[in-house]
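Let me begin by presenting the structure, written as structure tokens, before commenting on it.
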Amino acid sequence: MEFTCVWRGEFENAEINELHAEAFEHRVLDDDWKHQVHTHSLGWVCARQGGELVGFVNVAWDGGVHAFLLDTMVSKRAGRRGIGTQLVAVAVAELRAAGCYEWLHVDFEDDLRTFYFEACGFTPTTAGLIRL
Ligand SMILES: CC(C)(COP(=O)(O)OP(=O)(O)OC[C@H]1O[C@@H](n2cnc3c(N)ncnc32)[C@H](O)[C@@H]1OP(=O)(O)O)[C@@H](O)C(=O)NCCC(=O)NCCS
């Protein structure tokens with residue numbers, strides 16, 4: 001089935017909470033994603049298939065030239081059909097079109113190297129992380 005990826009697409013909090021729980025394997029939370037992304041993000045991309053939310057990515061911002069890709073996720077039943085790649089491509093295209101950002105960062109675990117480096121076009125770099 002065809003899917004659509006929409007920059008700043010409409011969503012309900014419950015849809016994102018369910019998708020996040022499935023993608024990151026935890027119980028369904030009650031987070032206020034609308035408030036979070038409208039307050040702290042440059043934008044986000046929603047992927048829908050037959051009306052159902054099957055993918056999402058959040059683009060956070062430092063207020064300057066750096067944007068950060070967070071929570072890239074695609075439902076298991078819609079996986080490996082290019083939706084994740086398209087979510088990231090739409091985010092990159094929107095940031096480029098805006099013309100005022102310089103860098104899009106992402107961090108991830110080793111098993112997703114092919115996804116981010118080969119499918120999405122990120123350049124390998126060294127990054128760091130501290131659990132707080
Ligand atoms: C990572 C994720 C968003 C990928 O979405 P997707 O729609 O399945 O990805 P695509 O179909 O665009 O994949 C394109 C290519 O990337 C690679 N790839 C995608 N998912 C992969 C995975 N889980 N493991 C290894 N390689 C993967 C493959 O090379 C794939 O091409 P192929 O299907 O022809 O082999 C999805 O698997 C997901 O939601 N995972 C759980 C949440 C998560 O870990 N998110 C990342 C946070 S940093």
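Each value in this text was obtained by applying a stated rule to the coordinates, not by laboratory testing. Just so you know, these numbers come straight off a predicted model, no measurement behind them. When we count neighbours, we look across all protein chains shown, and the Cβ atoms used for this are built from the backbone with ideal geometry, even at glycine.
Below is a table of values for the structure above.
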| read-out | value |
| --- | --- |
| Contour excess over end-to-end distance, with Cα ends at residue 98 and residue 34 and 0.36 nm allotted per residue | 20.8 nm |
| Length-normalised contact order for the range 1-87 - Cα pairs under 8 Å, 6+ apart - percent | 30 |
| Mean residue ellipticity (222 nm) of the chain, computed from DSSP H runs ≥ 4 via -39,500 (n - 2.57), nearest 500 | -8500 deg cm²/dmol |
| ³J(HN,Hα) computed for each position of the range 114-131 - Karplus, 6.51 cos²θ - 1.76 cosθ + 1.60, integer Hz, glycine/proline x | 4, 4, 6, 7, 8, 6, 8, x, 6, 8, x, 8, 9, 9, x, 8, 10, 6 |
| Given 16 as the ceiling on other Cβ atoms within 10 Å, longest exposed-site-free region of the chain for trypsin sites (Lys or Arg not before Pro) in DSSP loops | 28-79 |
| R0 of 30 Å, Cβ-Cβ distance residue 68-residue 1: FRET efficiency to nearest 0.05 | 0.45 |
| Karplus (6.51, -1.76, 1.60) ³J(HN,Hα), θ = phi - 60°, over the range 34-44, in Hz, Gly and Pro reported as x | 4, 4, 4, 6, 6, 8, 10, 10, 6, x, 7 |
